[in-house]
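All of the numbers you see were taken from the coordinates with simple rules; none came from a lab. The model shown is predicted, which means the values in this text are computed figures rather than measured ones. Don't worry about glycine lacking a Cβ; one is built from the backbone with ideal geometry, like all the others, and counts go over all protein chains shown.
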Amino acid sequence: MATIRQVTVATHGASEAIAAIRAIVADGRRFLITSHARPDGDAIGSQLALALALQRLGKTVRIVNRDPVPEPFRPFAGAGLVEVAPSVEDDFDALFVMECGDLTRPGVSGLERYRAINIDHHLGNTGFGEVTWFDESAAACAELVADLLDGLGVAWTREIATQLYVGILTDTGSFRHSHISARTFEICRRIAEAGVDAAAVARQVYDSGTTGRLRLMGAVLDHMRLEAGGRLAVLWLDDGMLASAGATYDDTEGLINLPLTAATIRASLMFKRTDATGEVRVSLRSKGDVDVRAVAQRYGGGGHRNAAGFTAPPGVDAVQERIVREVASLVAP
Ligand code: AMP
Ligand code: MN
């Protein structure tokens, strides 16, 4: 079996990686799929589209993630396949790792023992695994899965296409982020052709929240601080704010994007503290060529130019102002 490292492709096809994966799939019977901790729509959509496709090929598939499927994605076909576990030790013919720069990102132990297929679109992928298929030009990992389905000869059922759409819709920030291309729309054209009701998917993903989440938006925006001459918004969130809004941690997803709806704001920074661990989750978003990934990377995280994040250990408070200044300097007039 050919070993392929850092196959970087900017166009449709990725024939070398797909051929290697096709051979592994043909030879195998049991497959494991994982993705990153606190999965987003692209992590879930990519995993489930692939899982449903492998099932159609008669394969046995397990999906093991550290964290559950977020509520908005649960009604879509396949969501029930996701198992939540801290470790995995069964026998598998290969492991698919979706959307992860390295093997620690899933937060699931025991993955090192498997023959790994690494499919990702985040800069900084370490090239782990027997096959690395890394395409930074993809707007979503789901775009790579779309190519892979064609390579495996699996028809896009409505269920499969729905998962691809969840990945693309969410990872492009509803078609706002960079990297959206003709290929993105070509895949979406085929998704619509497969019978997916794009409006219904968007309603489910974005408009199925709770009133607690609405109150939380109010509280978070009420505490918003503007820096860099009004070009950077800094948001703060802790368990107390969740409790008084009647919201849950899941309700915090996407709040960071709210400030970007103002024309003057170029970047948004959010600190979410969880009392149980003392950890602070830091999320960064930006518009255009403001590169927030560079900041996330300095603190051990990563992501994309316009959407990045990292988890800070207890004690981050001391460096919080430094992080604010670093992002402020990116957008300073
Ligand atoms: P979030 O703010 O958690 O929604 O993350 C935004 C983006 O940054 C996503 O594309 C994540 O994949 C990426 N990201 C977040 N945390 C990390 C991390 N610790 N390491 C690498 N990438 C991350
Ligand atoms: Mn992604």
Go ahead and run the numbers for FRET between Thr261 and Arg29, Cβ-Cβ distance against an R0 of 45 Å, rounding to 0.05. 0.40
I'd like the per residue volume of the convex hull spanned by the Cα atoms of the range 187-318, given in cubic angstrom. 144
Ranked list, fewest to most other Cβ atoms within 10 Å of each Cβ, for Leu57, Leu48, Leu258: Leu57, Leu258, Leu48
With the contact rule set at Cα under 8 Å and sequence spacing of 6 or more, what percent relative contact order holds for the chain? 13
What is the antiparallel percent of DSSP beta bridges lying wholly in the chain, to the nearest 5? 40
Can you tell me the Rg and Dmax of the chain, counting just the alpha carbons, in angstroms? 19.6, 59
What ranking do Thr211, Thr274 get, fewest neighbouring Cβ atoms within 10 angstrom at the top? Thr211, Thr274
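Just the ratio, please: alpha-carbon radius of gyration of the range 48-94 over 2.2 N^0.38 Å, N its number of residues. Could you put the intermediate results ahead of the total?
On the way: Rg = 11.4 Å, N = 47, 2.2 N^0.38 = 9.5 Å.
After normalising by residue count via 2.2 N^0.38 Å, the value is 1.20.
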Starting from the Cα-Cα distance between Ser174 and Glu16, subtract it from 0.36 nm times their residue separation and give me the gain in nm to one decimal. 53.8 nm
Of Glu326, Glu16, Glu321, how do they rank once you tally other Cβ atoms within 10 Å and put the fewest first? Glu321, Glu16, Glu326
Rounding to the nearest 20 debye, state how big the charge dipole of the chain is about its Cα centre with +1 on each Lys and Arg Cβ and -1 on each Asp and Glu Cβ. 440
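Give the average over all directions of the projected area of the C-alpha convex hull of the range 1-148, one decimal, in nm².
About 7.7 nm², averaged over all directions.
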